[in-house]
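The values are calculated or read from the model by the stated rules, or taken from the named source; none is laboratory data. Note that this is a predicted model, so its numbers are computed, not measured. Cβ coordinates were reconstructed from backbone atoms using ideal geometry, including for glycine residues, and neighbour counts include every protein chain displayed. Surface areas here come from the heavy atoms of the whole protein model, side chains and all, with no ligands, DNA or RNA. Shrake-Rupley method; radii C 1.70, N 1.55, O 1.52, S 1.80 Å.
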Amino acid sequence: MSSIVQGFTKSLAMTILSEIGDKTFFAAAILAMSHPRRLVLSGCLSSLIVMTILSALVGWAAPNLISRTWTHHITTLLFLGFGLWSFKDALFEQGDAEELAEVEAKLDKDWKANNGAAKNSKKVDDVAKKQQRSFLSQFFSPIFLQAFSITFFGEWGDKSQLATIGLAADENPFGVVLGGILGQVLCTSAAVVGGKSLASRISEKIVALSGGILFIVFGIQSYLSPVES
């Protein structure tokens, strides 16, 4: 039970500090300003939950493919490396306003392209068709799919995904999944409800520094803890 709690708390703290102020956080906030919040929230959360489970499965399988000693040492190096990476982001990367503007410009470009294509094929009886749609077709709407795909590909290969893999290899995977999902729900809900005004108030430098400290602490703890056989 203690291993589940430890994996849960580590994953929760890591997820919150990794996701707040991230590009996918900004994307969720901007999408929620011009689209139904429930579709944006469900699309982003579905993507993040799938990503968390996949990452935890990879981390859980890693010790069965290579020795636990090696996975333990690799995880330690990952945490320390991500800590330094976060410090670098805090000190040298572009500011919050620039990153928010960059995400906004990309989404605006995508929206214009999709809107132009949709106008060519739009029919007069849109209202009647909307009423005839089933719940499932409304759920998997273009907005849902856009939120899902932007979040999924934005997170793929990100340090939070790699850190989840490393954490699941060293801690209880079930606790890691629960903590990760709760962290994603909290962050994404805040982005969707708070919108751009909340996103613009977040200091990405402070979040990155806090995340860097957390990763370094995890790395030191992993280094000092014995390898479970």
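Just to verify a number: FRET efficiency for TRP70 and SER203, C-beta to C-beta distance, R0 = 41 Å, to 0.05?
On the way: r = 38 Å, r/R0 = 0.92.
Once the sixth-power term is evaluated, E becomes 0.60.
Excluding ligands and nucleic acids, what accessible area in Å² is computed for VAL217 using a 1.4 Å probe, to the nearest 10?
Only protein atoms counted, so the area is about 80 Å².
Just read off the accessible area of TRP60 with the full protein assembly in place, 1.4 Å probe, to the nearest 10 Å².
140 Å²
Length gain on complete extension for the stretch LEU84 to LEU54, per 0.36 nm per residue less the alpha carbon to alpha carbon distance? Can you show the working numbers first?
Working: separation 30, 0.36 × 30 = 10.80 nm, distance 2.53 nm.
Separation in residues times 0.36 nm, less the Cα-Cα distance, equals 8.3 nm.
Work out how much length LEU186 to TRP156 would gain on full extension: take 0.36 nm times their residue separation and subtract the Cα-Cα distance, in nm to one decimal. Kindly include the intermediate steps, with their values, before the conclusion.
Numbers: separation 30, 0.36 × 30 = 10.80 nm, distance 1.99 nm.
Length gained between LEU186 and TRP156: 8.8 nm.
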